Amino acid sequence: MHPEVLISLPASPSAVTSIRSTLIQSSLNTLRKRGHFERYCLLVSPQHKTALLETLAPEWLALEVAVAHYVACDALGLPGQELHDIGEDVGDRIQGTFISTLVRRTRTVGLTPWVVVGQIQRLWERLILGGAVGLTRTGPRDCTVETQNLDLCRYSYFRAAFCGVIASGLQLGAGKGVTVSVPSSGNFAQRCLFKCSWV
């Protein structure tokens with residue numbers, strides 16, 4: 001089938017300025033659970049340590065604070081599968097109330113992967129201020145999610161973890177047969193392409 005754009009990217013997306021603390025806190029909780037938190041604290045920039053570790057209520061954090069978090073996470077040097085698992089854990093945490101509301105709304109028509117992934121822009125707007133996300137159907141059970149104007153894409157931890165965030169949502173409609181990956185040949189300075197499929 002020919003690719004079908006389901007969510008268009010704007011011609012000139014704005015720059016990302018802030019990241020919701022919910023995303024960072026969910027990541028930190030997962031690092032604690034997996035025994036990486038103490039080493040993370042040694043690696044994170046002292047300049048942003050207070051903002052990262054003492055922000056409890058949900059709020060918008062400046063992009064440079066989020067960058068400091070993902071620089072430290074990259075420095076942990078965790079293997080790819082663990083990064084993906086961390087991303088799924090983070091996805092489960094941040095999508096809790098958002099997805100439960102969606103599930104209630106779609107009980108009558110059925111919750112499919114297309115219903116879930118179709119909410120990617122709303123989820124983006126809850127987590128990231130600025131930038132853009134697009135969605136293209138590439139097959140009956142395949143799609144791509146593209147992000148733009150997001151400096152965090154340059155960090156392998158963020159890319160792998162965001163694969164897990166997407167996968168955790170898709171699994172609600174597709175079960176466990178979900179694959180989300182990032183082509184290794186991509187230019188990750190400002191954009192990232194996530195390839196998604198399910199059985």
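Quick one: is Ile128 surrounded by 15 or more Cβ atoms within 10 Å (Cβ to Cβ) and modelled with pLDDT under 90? Step through it out loud before you land on a result.
Details: surrounded by 15 or more Cβ atoms within 10 Å (Cβ to Cβ): yes; modelled with pLDDT under 90: no.
Judged against the criteria, Ile128 is not a match.
Applying the selection to segment 169-185, what residues are surrounded by fewer than 13 Cβ atoms within 10 Å (Cβ to Cβ) and either modelled with pLDDT under 85 or under 17 Å from Thr136 (Cα atoms) (or both)? Before the answer, list the steps.
Of segment 169-185, the ones surrounded by fewer than 13 Cβ atoms within 10 Å (Cβ to Cβ) are 175-177, 183-185.
Scanning segment 169-185 gives Gly175, Lys176, Pro183, Ser184, Ser185.
Taking segment 20-69 only, how many residues are assigned to a helix (DSSP H, G or I), surrounded by fewer than 18 Cβ atoms within 10 Å (Cβ to Cβ) and free of Cβ contacts under 8 Å to residues at least 40 places away in the same chain?
Number of matching residues: 14.
For segment 184-191, does any single residue satisfy the condition of being in contact (Cβ under 8 Å) with a residue 40 or more places away in the chain and outside any loop (DSSP other than H, G, I, E, B)?
Checked segment 184-191: at least one residue is in contact (Cβ under 8 Å) with a residue 40 or more places away in the chain and outside any loop (DSSP other than H, G, I, E, B).
Given the residues Ser197, Ser168, which is the only one that is closer than 11 Å to Pro113 by Cα, touching a Lys or Arg at 6+ places or on another chain (Cβ under 7 Å) and of a type in the set (Ser, Thr, Tyr)?
Just a single option satisfies the conditions, and that option is Ser197.
For segment 3-39, how many residues are closer than 27 Å to Asn149 by Cβ and not hydrophobic (A, V, I, L, M, F, W, C)?
The number of residues fulfilling the criteria is 16.
This table checks each residue for (1) hydroxyl-bearing (Ser, Thr, Tyr); (2) assigned to a strand (DSSP E or B); (3) under 24 Å from Pro79 (Cα atoms).
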| site | (1), (2), (3) |
| --- | --- |
| Trp124 | no, no, no |
| Thr147 | yes, yes, yes |
| Cys153 | no, no, yes |
| Tyr157 | yes, no, yes |
| Ala160 | no, no, yes |
| Val165 | no, no, yes |
| Ser168 | yes, no, yes |
| Gln171 | no, no, yes |
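The values are calculated or read from the model by the stated rules, or taken from the named source; none is laboratory data. Everything numeric in this text was worked out from a predicted model, so none of it was measured. Ideal geometry is used to build each Cβ from the backbone, glycine not excepted, and the neighbour counts take in all protein chains shown.
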